[in-house]
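To start, the structure under review is shown below, and the notes come after it.
The values are calculated or read from the model by the stated rules, or taken from the named source; none is laboratory data. All figures in this text were calculated on a predicted structure; none of them were measured in a lab. Note that each Cβ is placed from the backbone with ideal geometry, even for glycine, and that neighbours are counted across all protein chains shown. Just the protein is used for accessible areas: all its heavy atoms, side chains included, with ligands, DNA and RNA removed. Shrake-Rupley method; radii C 1.70, N 1.55, O 1.52, S 1.80 Å.
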Amino acid sequence: QDKNFQVAIDGPASAGKSTIAKILAKQFHYVYVDTGAMYRAVTLAVKEANIAYDDGDAITALLPKIKISFKPGEPVQKVFLNGEEVTNAIRSNEVTNNVSQVAAYGPVREYLVALQRQIAQEDNVIMDGRDIGTTVLPQAQVKIYLIASVAERAQRRFKENQAKGMNPDLDTLKKEIEERDYKDSHRAISPLTQAEDAIVVDTTGKGIETVVAEIAQIIENHQK
Ligand code: CDP
Ligand code: CDP
């Protein structure tokens, strides 16, 4: 095999990308790359440096000081920012509600896309995000565009927040998801869009196992 196998999974917030990608990575022995976690780690670094989320120049200047790494872990991969574990910190509401703004800056995207391509050169990968099939790995053998209705995605977020011991409001979560979808789909640089050659998988009303089986079949068909 002269080229690594690449599976790209893109789609809006809470479509199930990371949940499904993680399971498939185990099943096929691929390295799972959570690109959303990288944008979240940069957003956390911006916050910790007390830089305003709209200060593009200061954010750009901070990039060379940001080192992101992953370590295997259960139930989730551990994420490190400059050697410090930030696995939970990058999931805070503060980060969630500001990450789309930070992710819209060209220099941030260039920096992280280079890192993502480098990882994909070293191993077979299953990578999830917003622009993997369109920009990061346009040659990926398998491209999946994972979707679900806004109502269902808000409901999933609701359950996740409840499990974290929070007291979420469904309407607020729905608005936050719609707002992030809008920002991610309308930014100037590599917005969230379906790659022409992506296969759309709608997860509305489907359980995780059903979706995993559907995509596993698609991957197997492409490996032949
Ligand atoms: O898991 P969730 O759907 O909340 O989002 P995520 O995958 O962790 O990504 C967080 C944010 O990072 C997204 O809303 C995008 O603004 C940004 N992102 C991006 O711009 N490009 C990617 N390849 C991945 C994430
Ligand atoms: O990565 P992304 O933001 O696309 O979604 P996620 O973080 O994997 O979150 C999706 C949530 O919906 C998780 O709590 C899953 O347990 C749940 N879920 C799913 O991923 N897929 C389904 N078919 C049904 C539920």
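Checking each residue in the stretch 172-189 for being open to solvent by less than 60 Å² (accessible area, probe 1.4 Å), in contact with a helix residue (DSSP H, G or I) (Cβ under 7 Å, 6 or more places away or on another chain) and over 13 Å from residue 157 (Cβ atoms) picks out only 184. In the stretch 149-166, the qualifying residues are those that are under 13 Å from residue 93 (Cα atoms) and either of a type in the set (Phe, Trp, Tyr) or open to solvent by 70 Å² or more (accessible area, probe 1.4 Å) (or both), and the one that is nearest to ligand 2 (Cβ to nearest atom) is 160. Of the residues making up the stretch 105-119, just one is touching a helix residue (DSSP H, G or I) at 6+ places or on another chain (Cβ under 7 Å) and either acidic (Asp, Glu) or not in a helix (DSSP H, G or I) (or both), namely 105. Among the residues of the stretch 54-65, the ones that are under 23 Å from residue 34 (Cβ atoms) and surrounded by 17 or more Cβ atoms within 10 Å (Cβ to Cβ) come to 2 in all. State whether one or more residues within the stretch 190-201 are surrounded by fewer than 16 Cβ atoms within 10 Å (Cβ to Cβ) and under 26 Å from residue 47 (Cβ atoms). There is at least one residue in the stretch 190-201 that is surrounded by fewer than 16 Cβ atoms within 10 Å (Cβ to Cβ) and under 26 Å from residue 47 (Cβ atoms). Only one entry in 20, 51, 68 is surrounded by fewer than 19 Cβ atoms within 10 Å (Cβ to Cβ) and in contact with a Leu (Cβ under 9 Å, 6 or more places away or on another chain), namely 51. Applying a threshold of 7 Å to beta carbon distances and a minimum spacing of six or more residues, or different chains, the list of pairs starting in the stretch 38-51 at a residue that is under 14 Å from residue 111 (Cβ atoms) and within 16 Å of ligand 2 (Cβ to nearest atom) and ending at one that is open to solvent by 20 Å² or more (accessible area, probe 1.4 Å) and of a type outside the set (A, V, I, L, M, F, W, C) reads 43/98. Tallying residues that are more than 12 Å from ligand 1 (Cβ to nearest atom) and open to solvent by less than 70 Å² (accessible area, probe 1.4 Å) within the stretch 128-146 yields 7. Starting from residues that are touching a residue at least 24 places away in the same chain (Cβ under 8 Å) and out of contact with any Ser or Thr (no Cβ under 7 Å at 6 or more places or on another chain), keep the ones in the stretch 93-102 and report whichever is surrounded by the most Cβ atoms within 10 Å (Cβ to Cβ). Per the stated criteria, the residue is 100. Scanning the stretch 73-80 for residues that are at pLDDT 95 or above and assigned to a loop (DSSP other than H, G, I, E, B) turns up nothing. Of everything in the stretch 158-181 that is of a type in the set (Lys, Arg) and at pLDDT below 95, the residue that is farthest from residue 101 (Cα to Cα) is 164.
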